[in-house]
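Down below is the structure, laid out as structure tokens.
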Amino acid sequence: MPVFPCLVEGKRPLTRRGFLDASSDPEQVAAWWSRTPNANIGIPTGAASGVVVVDVDVHGPRDGRVAYQRATDAGLVDGAGLLVRTPTGGAHVYFPATPGREQRSWQAADVGVDFRGDGGYIIAPPSRRIIDGNVRRYEVADIAAHSVGTVDAARLRDFLDPRPVVPPRAEGTAMVVDGKRLAAWVAGRGEGERNRGLFWAACRLAENGVSPSDALDALGAAAQSAGLGDREITTTVRSAYRATQPASGATSIDRTQSAERWFGRSASPSSAALGRAGR
């Protein structure tokens, strides 16, 4: 199992490239922990290790156990092989990675459940953290006594955090796009999911004939409230239009409206702009 050292009683990697430096070479691992004997243990998730993890978060008013129970009742997480209790009272639920299929990490912040797959990592037992002045460990709570199976991360995400339904564009027909609903969804994205959520929503507007400037009007303030900066919002919407309309999207957003012009406006998009995106 490839591992890498993380900050003592913390989550931040101690290697230069983080989980990309993970190694299963005994000499490398010994060298890392000889330098930092109490380092926490990081494991890259996805194809690198052969495991993916559903992270059930319990933090403040957010209790991911409720959402995870709903997923359990729906039969979406039946194949778990290992249950680890986390220091904050949540859980890491381990599944085997699906061979030959990439499943990227994602967050469903509103319901307190994250998925750690390709492009992510987790902290493994017996690592520890300091919570409210007390030492708390990652502890193995249960090991499956039955055969384990994979988890469909995309299906789980759609169940826990469904995206707004946008009808496909019909040739020669002006389709209805609910810009307000898309904006509300973007505003609710948590850290690690904000940029991807904005990109997805902008792609849906682009596919339905909404101009780049109207897409910025419809989604920009929502993305700001989610925590994205002005430049990142403009870059993400531009990228969405490039991906969706490669022939014209690369320059149209620059021609119709500059970032400085748009971000000089009110922090809230006008009702007219939302109407254009959602009429």
On average, how much accessible surface per residue is there in segment 1-100, in Å², for a 1.4 Å probe, leaving out ligands, DNA and RNA?
50 Å²
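Label segment 186-233 by shape, choosing from rounded, prolate and oblate, from the square roots a ≥ b ≥ c of the eigenvalues of the Cα gyration tensor; if a/c is under 1.5 it is rounded, and otherwise prolate applies when a/b is larger than b/c, oblate when it is not.
On the way: a/c = 2.29, a/b = 1.60, b/c = 1.43.
It is prolate, given that a/c is not under 1.5 and a/b is the larger ratio.
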Principal axis dimensions, largest first and in whole angstrom, of segment 1-144 by Cα:
45, 43, 26
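How much length, in nm to one decimal, is gained on full extension between residue 231 and residue 155, taken as 0.36 nm per residue of separation minus their Cα-Cα distance?
Numbers: separation 76, 0.36 × 76 = 27.36 nm, distance 3.21 nm.
Value of the extension gain: 24.1 nm.
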Could you size up the charge dipole of segment 55-135 around its Cα centre, putting +1 on the beta carbon of Lys and Arg and -1 on that of Asp and Glu, and report it in debye to the nearest 20?
200 debye
Carbon-plus-sulfur fraction of the accessible area of segment 23-145, 1.4 Å probe, in percent?
49 percent
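The values are calculated or read from the model by the stated rules, or taken from the named source; none is laboratory data. Being a predicted model, the structure only gives us computed values, none of them experimental. Cβ coordinates were reconstructed from backbone atoms using ideal geometry, including for glycine residues, and neighbour counts include every protein chain displayed. SASA here: full protein model, heavy atoms, side chains in, ligands and nucleic acids out. Shrake-Rupley method; radii C 1.70, N 1.55, O 1.52, S 1.80 Å.
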